[in-house]
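Report on the following structure.
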Protein chains: 2
Amino acid sequence: MANSRQRLSDLGEFGFLATLRGLRIPRRGVEVGIGDDCAVVRCGAGRWLLTTDALVEGIHFRRRWDTPSGLGRRAFAVNASDIAAMGGSPRFALLSLAVPASARVSELRGLIRGFAAAAGAAACALVGGNLSASPRWMISVMLLGAAESRPLLRSGARPGDHLYVSGRLGAAAFGREILLGRRRGTRRQTARFRRPSPRLELGRMLARTRTASAAIDVSDGLLSDLGHICRASGVGAVVEARRLPLPATLAALGAEDRLRLALSGGEDYELLFTVPPHRVRALEAASGRLAVPVTAIGRVVRGRGISVVGAPGERLAAETAGHDHFRAGAGRRRPATIPRARKLR
Amino acid sequence: MANSRQRLSDLGEFGFLATLRGLRIPRRGVEVGIGDDCAVVRCGAGRWLLTTDALVEGIHFRRRWDTPSGLGRRAFAVNASDIAAMGGSPRFALLSLAVPASARVSELRGLIRGFAAAAGAAACALVGGNLSASPRWMISVMLLGAAESRPLLRSGARPGDHLYVSGRLGAAAFGREILLGRRRGTRRQTARFRRPSPRLELGRMLARTRTASAAIDVSDGLLSDLGHICRASGVGAVVEARRLPLPATLAALGAEDRLRLALSGGEDYELLFTVPPHRVRALEAASGRLAVPVTAIGRVVRGRGISVVGAPGERLAAETAGHDHFRAGAGRRRPATIPRARKLR
């Protein structure tokens, strides 16, 4: 039990969410409730996915980092990524905005148009929203998605499964550090942060062909999100550092820096998924037909926890915590990319 | 077109929303998009309702006004009221919270438990959410509701229809002024503000029996919300001031003060609806079986605009604007209950 003086910063987001177990919630129509990328509900005969995520000015973005339209596109993408992780298709969107009365009309319209355009490109309709006054900009999005196939959950990973990730890891966090002025870099190197691509096609393929046993999107950082799969599935994992797909944009960095960005940077919005051994050939065949590469980065193992195995003879033991806005240090503006991975021996 | 220097405070919320017409939105599955209490979408064979509303600390509430659980209950109620206005049933809820890292765990849990309990009492399941860091508390709610009957829209009112409202008007705004320290009153007199009751049963009855031609919930104020019905339906309305159902709690106020609270106070979350003449007897019969009273307060007429007819010989011309957080004056802490109704002769 939480004691009455405890603050959110003592528990962190994930610790706090754990205290909510035991809430009495009606079960009618709920297949998957709190705790996965999306909720899965029954509407009539079909299965539908519900998800929400918010972007807060000064925490998740600064307005000068992108055009209003780009910010709107990003707000759609980070939410659609949760639908992608379940193998579904975003269909209907609500956009709840809180902005100061001094906000420029042109800026607000740009944001909404960017959001609606990104949604429209994914065949998702912006059907409503809300506008409130607030000292800071805040963008809350809710998506209702269709699950044409059985949704991919976090809980299906089994020992022996292969661990895969789409795209490349670390470029988004690298871009964020450039935007924050903590690293030097070009505008182009910030693009992966500013304009993530939800992996909707890949997610649908994985669900339709039943190739993946579990999936999640990489939003908080590879280790943190892999930790969610491990806890939900009751398994451990081994990640091979040398197999991590690093983007060319990180080539100039030191090896340790690169590894930290890839393991704990977050904001990549790639899919991390597990594949049973007998489905690996099917995956490799199917992924060749998609625009996004997938890379085997490790294995699911019995037990608990995640080991990161580096160059021969080197071993990293990883804490599974990724970026958490509430944990001690968030107030000290600790860069999101500071690693939680600790080197052993 | 909005010009590039215009600020939100120049246009107000409703003026701004008008600039969004022309957004290109996919139509597949969308029966009613932006502009009613809820969106109406098709999920498989059924019709479903989507709505979102937010409460921002310092704008919509202060934390000392109620217990955390009470605030959570209110957050559910104001959203469920939009589902009630369409005649549906809330089924699934998402709760997106933004709070400071210094927030007490007990307070946050109380809010979520209050929300889940109020939702559960309406057979609605809290299925997911999101927790972000923010300097101020902000509560964003999204509901997915089932429309068992054809949804009640704002656009169905016809000249000759009778205008009805449920419950009583003005007590919520009166309670809010007490909480703001602008009026004297007891804690009990603030209850209608703190704990609104969404009129779900009434809404469902109106939709199921096709008794109402149009409906909306009274959130911004009677005149403002009636204005939405009039604009959406292309009609005008006459409200008879002496018929307005005033609560006993306003008895000690002057006549003008009472009228202003009832016409423009807002936050009542009662249903305002129109009934064709041939359905009036059916309504009166059916409403006797519900716990909430309904009162005929005027008529729908040809033309535009709303007239408020007072005591014999007295006439009020009403602007239809109600509470708008963004219009000039919002920054000057103008009480939400200052009337926009102007007396004529």
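The values are calculated or read from the model by the stated rules, or taken from the named source; none is laboratory data. Keep in mind it's a predicted model, so treat the numbers as computed, not measured. Cβ: placed from backbone, ideal geometry, glycine included. Neighbour counts: every protein chain shown.
Observations on the structure shown:
- Number of the exception - A:VAL239 against (1) within 29 Å of A:CYS43 (Cα to Cα); (2) in a strand (DSSP E or B); (3) more than 14 Å from every other protein chain (Cβ to nearest Cβ): (1)
- Residues in the range A:14-29 that are more than 9 Å from every other protein chain (Cβ to nearest Cβ) and within 22 Å of B:ARG136 (Cβ to Cβ): there are none.
- Search result, residues across the range A:40-50 that are at the interface with chain B (Cβ under 7 Å from one of its Cβ atoms), surrounded by fewer than 21 Cβ atoms within 10 Å (Cβ to Cβ) and modelled with pLDDT of 85 or more: A:GLY46
- Options A:ARG194, A:ARG176; residue that is touching a residue at least 40 places away in the same chain (Cβ under 8 Å), more than 30 Å from B:GLY58 (Cβ to Cβ) and not assigned by TED's automatic domain parsing to the domain that holds A:LEU49: A:ARG194
- Close pairs from the range B:261-283: first within 30 Å of B:ARG195 (Cβ to Cβ), partner assigned to a loop (DSSP other than H, G, I, E, B) and charged (D, E, K, R), Cβ under 7 Å, at least 6 apart: B:SER264/B:ARG340; B:GLY266/B:ASP220; B:GLU270/B:ARG199; B:LEU271/B:ARG199; B:THR274/B:ASP161; B:VAL275/B:ASP161
- Lone unmet requirement of (1) in contact (Cβ under 8 Å) with a residue 40 or more places away in the chain; (2) surrounded by fewer than 21 Cβ atoms within 10 Å (Cβ to Cβ); (3) within 19 Å of B:LEU49 (Cβ to Cβ) for B:PHE115: (2)
- Pair list, Cβ under 7 Å, 6 or more apart: the range A:218-233 residue closer than 14 Å to A:LEU261 by Cβ, other residue surrounded by 23 or more Cβ atoms within 10 Å (Cβ to Cβ) and among the charged types (D, E, K, R): A:VAL218/A:ASP225; A:VAL218/A:ASP268; A:VAL218/A:GLU270
- Lone unmet requirement of (1) facing chain B (nearest Cβ under 7 Å); (2) farther than 23 Å from A:GLU148 by Cα for A:LEU97: (1)
- Filtered residue count, the range B:118-138, keeping only those that are surrounded by 24 or more Cβ atoms within 10 Å (Cβ to Cβ) and farther than 25 Å from A:GLY128 by Cβ: 0
- For the range A:45-83, a residue qualifies if it is of a type in the set (D, E, K, R) and under 19 Å from B:PHE92 (Cα atoms), and the qualifying residues are A:ARG47, A:ASP53, A:ASP82.
- Here A:ALA93, A:ALA18 are screened, and the one residue that is closer than 22 Å to A:ALA121 by Cβ and under 20 Å from the mean Cα position of the chain (by Cα) is A:ALA93.
- Residue match in the range A:68-75 (condition: surrounded by fewer than 22 Cβ atoms within 10 Å (Cβ to Cβ), assigned to a strand (DSSP E or B) and not charged (D, E, K, R)): no
- Summed over the range A:279-310, the residues that are touching a Gly at 6+ places or on another chain (Cβ under 9 Å), of a type in the set (Val, Ile, Thr) and either buried (at least 19 other Cβ atoms within 10 Å of the Cβ) or at pLDDT 95 or above (or both) give a count of 6.
- Selection count, the range B:279-313, where residues are among the small types (Gly, Ala, Ser) and in contact with a helix residue (DSSP H, G or I) (Cβ under 8 Å, 6 or more places away or on another chain): 8
- Subset of the range A:216-230 [assigned to a helix (DSSP H, G or I) and of a type outside the set (A, V, I, L, M, F, W, C)]: A:SER224, A:ASP225, A:GLY227, A:HIS228
- Those residues of the range A:165-187 which are buried (at least 24 other Cβ atoms within 10 Å of the Cβ) and under 18 Å from A:LEU283 (Cβ atoms), in sequence order: A:VAL165, A:SER166
- Sole residue being within 8 Å of another protein chain (Cβ to nearest Cβ), closer than 24 Å to B:ILE229 by Cα and in contact with a helix residue (DSSP H, G or I) (Cβ under 8 Å, 6 or more places away or on another chain), chosen from B:ASP37, B:ASP53: B:ASP53
Every residue, every condition in (1) surrounded by fewer than 23 Cβ atoms within 10 Å (Cβ to Cβ); (2) modelled with pLDDT of 95 or more; (3) within 11 Å of chain A (Cβ to nearest Cβ), yes or no:
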| residue | (1), (2), (3) |
| --- | --- |
| B:ALA2 | yes, no, yes |
| B:GLY12 | yes, no, yes |
| B:GLU31 | yes, no, yes |
| B:ARG63 | yes, no, no |
| B:ASP82 | no, yes, yes |
| B:VAL105 | yes, no, yes |
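- Any chance A:ARG243 is touching a Ser or Thr at 6+ places or on another chain (Cβ under 7 Å) and within 20 Å of A:ALA296 (Cβ to Cβ): yes
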